[in-house]
Every structure is written in C-alpha cells, then in structure tokens.
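Here the structure is laid out as structure tokens; the discussion comes afterwards.
The values are calculated or read from the model by the stated rules, or taken from the named source; none is laboratory data. No experiment lies behind these values; they were computed from the predicted model shown. Note: ideal-geometry Cβ built from the backbone for every residue, glycine included; neighbour counts use all protein chains shown. Side chains included, ligands, DNA and RNA excluded: accessible areas come from the protein's heavy atoms. Shrake-Rupley method; radii C 1.70, N 1.55, O 1.52, S 1.80 Å.
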Amino acid sequence: MLDDNVRYMQYAIREAQRALEAGEVPVGCVIVHEGDIIGKAHNQRETLQDPTAHAEIIAITQAAAAVGSWRLENAKLYVTLEPCPMCAGAIILARIEEVYFGAYDPKAGVCGTLMNLLEDKRFNHQPKVFPGLMAEECGALLSSFFRKIRQDGRQPLGS
C-alpha cells in the first residue's frame, strides 16, 4: 500500500505538471483534511498576472472555502517546493497543522533554507514541517523547466 504522504505529494506533483504545461514555474500544492483533498492548485502568477498567485495561496483559499473557515486546523499541506515567506506566512495564519515539501528552494525557501519561519516560536502557531518528501521528483520538474528556459535564452516566467 502506498504511504498516504507519498500519495498526496503525487497529487501535488500532478498540479506542478499542470503549471509546467501552462508555462508557469512548476509548483503544485494540495491541502488535505481528514483524508479529503480540500484544496489543490499550481502556480498561476503569469496566467493571472498576480504576484500572490502561488500554489499554496490558491490552495489555502480553496481549502478555507471548502471548510467554511479560515482556520485550517488539522489540515496537512503538501507542496513540491519549499514555501517562500509569503506562503509561510499564510500557512501560519491559516493554522495548518503539518507541512510537507519536496525540493528545497535556495533562493526563497523559509522552511529551513534561508530561515525557518514555520517553526519560529515567536509566532502563535508552528506547523510541523516534513522536508524533502519526494525531493528528487519535485526537483527534477523545476530543474528541467529552468534548463529549458536557459536553453531558449528567455527570461524565466517566475523571476
């Protein structure tokens, strides 16, 4: 039987692949509550021309609508890339219980790379963080996207 955490990350990877197909930086996210996916999204910054249209933000909005509350207690978030400061802030404010991420983000990751906002005791909520889930698969999507961008000699969409 497939581990639930792996299964949910696979759903997040499918969302990241949707972003890739749309020409977006391939990041995907799903939010699970009591075994049900209540939010799923991929990056849409270019599509929506919205700097806040990260996978996590869109999925959090969907999840809150699904449960009828901004408090996503007992929810688990699965994302293919380590959250940035904005997304980490939204995760804290939404009271998400657990965060699983795939690839580390050396430029903007704040769940262990540049700092660790999610486990900072100065905030009123600290989700449990589980880094590196399916890191190779998640990282490969991002690496191939940016390699293609460099080969094409164009500016990355998400830069």
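Within the option set Gly28, Gly109, being at pLDDT 95 or above, under 29 Å from Ile149 (Cα atoms) and buried (at least 24 other Cβ atoms within 10 Å of the Cβ) holds for one residue only, Gly28. Restricting segment 53-84 to residues that are open to solvent by less than 10 Å² (accessible area, probe 1.4 Å) and among the aliphatic types (A, V, I, L, M), which is nearest to Val110 (Cα to Cα)? Here the residue is Val79. Answer with yes or no whether Asp120 is within 21 Å of Thr47 (Cα to Cα) and charged (D, E, K, R). In short, no. Among the residues of segment 31-52, the one identified as open to solvent by less than 10 Å² (accessible area, probe 1.4 Å), under 19 Å from Ala103 (Cα atoms) and of a type outside the set (Val, Ile, Thr) is Ala41.
Among the helices (runs of 4 or more DSSP H) contained in segment 21-137, which hold 2 or more residues that are of a type in the set (A, V, I, L, M, F, W, C)?
Numbers: elements: 45-48, 55-67, 85-94.
Ranges flagged: 55-67, 85-94.
Taking each residue of segment 14-41 that is free of Cβ contacts under 8 Å to residues at least 40 places away in the same chain and looking for partners that are open to solvent by 60 Å² or more (accessible area, probe 1.4 Å) and in a strand (DSSP E or B) with beta-carbon atoms closer than 9 Å, six or more apart or interchain, yields Arg14/Lys40.
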